[in-house]
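**Q** Take a look at this one; I'll ask things after.
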Amino acid sequence: MTDKQSRCREMYRLAFGNDGAFEDALFDGFFERDCHTLFIGGQAVAMLFALDVAVKGQKGKYLYAVTTHPDYRGQGLMHRLFEKTEERYRDSVDFFCLLPQDEVLRELYQSLGYKDGFFLPDHGQASSDKVCLDDLSVVFDIRRRLAGENAVEFSPAYLALVRADSDFFCDDLHHATCLTTRRSDGLVCEVLPTTLGEQRVLVKWFHEPINEPILFSYALQ
């Protein structure tokens with residue numbers, strides 16, 4: 001582990017606690033390519049992960065683990081980091097999206113140009129979970145079919161990250177009609193097919209927006 005990653009892990013734990021296997025999967029799998037940071041005097045002061053997602057042929061980045069070190073808040077550092085990250089990707093992706101943890105952060109992100117966009121699902125009741133899916137390629141194929149074209153599509157790497165803290169189940173391995181994702185704490189966090197909920201993921205479009213209901217079926221929280 002590099003010193004830079006170690007310092008960012010310390011800041012992550014201050015904000016989100018120690019996630020164990022999930023934290024390892026996030027930093028070991030995505031830090032070098034997808035983590036964007038600001039440092040002051042060797043101290044990690046702000047960071048975010050920009051994870052690959054897509055919808056209807058549009059490429060995007062889901063911004064996750066967005067945090068500022070407690071000793072450096074209120075100095076506009078996150079605003080700087082957002083500008084830096086947008087500048088890097090503006091010509092290669094069509095949108096950024098994120099899920100605020102509370103209404104104060106929602107208002108902050110809205111001030112940076114983010115607007116209510118993709119719907120989070122109403123998970124309802126978990127359907128059958130007879131078969132635990134170990135092969136992520138199978139999960140990828142099933143959820144692509146069940147989510148439909150008006151849903152955000154996640155990369156295999158994104159699903160592998162989800163798998164670090166969750167298990168996938170279906171009713172029939174060869175003719176699946178449902179897919180359930182259950183976290184290690186027992187919380188059901190996705191059921192496909194699903195209905196649109198009321199909570200929204202914030203979106204910032206850099207190019208032509210998609211002006212129709214889009215399901216963001218699994219937002220890391």
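**Q** Is it true that HIS175 is assigned to a loop (DSSP other than H, G, I, E, B), more than 13 Å from the chain's Cα centre (by Cα) and free of Cβ contacts under 8 Å to residues at least 12 places away in the same chain?
**A** On the way: assigned to a loop (DSSP other than H, G, I, E, B): yes; more than 13 Å from the chain's Cα centre (by Cα): yes; free of Cβ contacts under 8 Å to residues at least 12 places away in the same chain: yes.
Yes: the conditions hold for HIS175.
**Q** Inside the range 39-57, can you point out the residues that are open to solvent by 10 Å² or more (accessible area, probe 1.4 Å) and more than 25 Å from TRP205 (Cβ to Cβ)?
**A** Matches in the range 39-57: PHE39, ILE40, GLY41, GLY42, GLN43.
**Q** Quick one: in the range 98-151, of everything that is among the β-branched types (Val, Ile, Thr) and in contact (Cβ under 8 Å) with a residue 24 or more places away in the chain, which residue is farthest from ARG200 (Cα to Cα)? If you could, list the steps in order and put the result at the bottom.
**A** In the first step, residues of the range 98-151 are kept if they are among the β-branched types (Val, Ile, Thr); the result is 104, 131, 138-139, 142.
This time we only want the ones that are in contact (Cβ under 8 Å) with a residue 24 or more places away in the chain, so: 131, 138-139, 142.
Numbers: VAL131: 31, VAL138: 28, VAL139: 25, ILE142: 24 Å.
Looking at the filtered set, the residue picked out is VAL131.
**Q** Restricting attention to the range 10-32, which residues are closer than 21 Å to LYS61 by Cα and either within 15 Å of the chain's Cα centre (by Cα) or crowded, with 17+ Cβ neighbours inside 10 Å (or both)?
**A** Within the range 10-32, TYR12, PHE16, PHE22, GLU23, ALA25, LEU26, PHE27, GLY29, PHE30, PHE31 qualify.
**Q** Just wondering, is there one or more residues in the range 128-148 that are closer than 30 Å to VAL45 by Cβ and either in a loop (DSSP other than H, G, I, E, B) or not aliphatic (A, V, I, L, M) (or both)?
**A** Residues of the range 128-148 closer than 30 Å to VAL45 by Cβ: none.
No, the range 128-148 has no match at all.
**Q** Which condition number does VAL104 fail, the rest of (1) open to solvent by 40 Å² or more (accessible area, probe 1.4 Å); (2) at negative phi; (3) assigned to a loop (DSSP other than H, G, I, E, B) being met?
**A** (3)
The values are calculated or read from the model by the stated rules, or taken from the named source; none is laboratory data. Predicted model, so just to flag it, every value in this text is computed and none were measured. Reconstructed Cβ throughout: ideal geometry from the backbone, glycine too, with neighbour counts over all protein chains shown. These area figures cover heavy atoms from the full protein model, side chains too; ligands, DNA and RNA do not enter into them. Shrake-Rupley method; radii C 1.70, N 1.55, O 1.52, S 1.80 Å.
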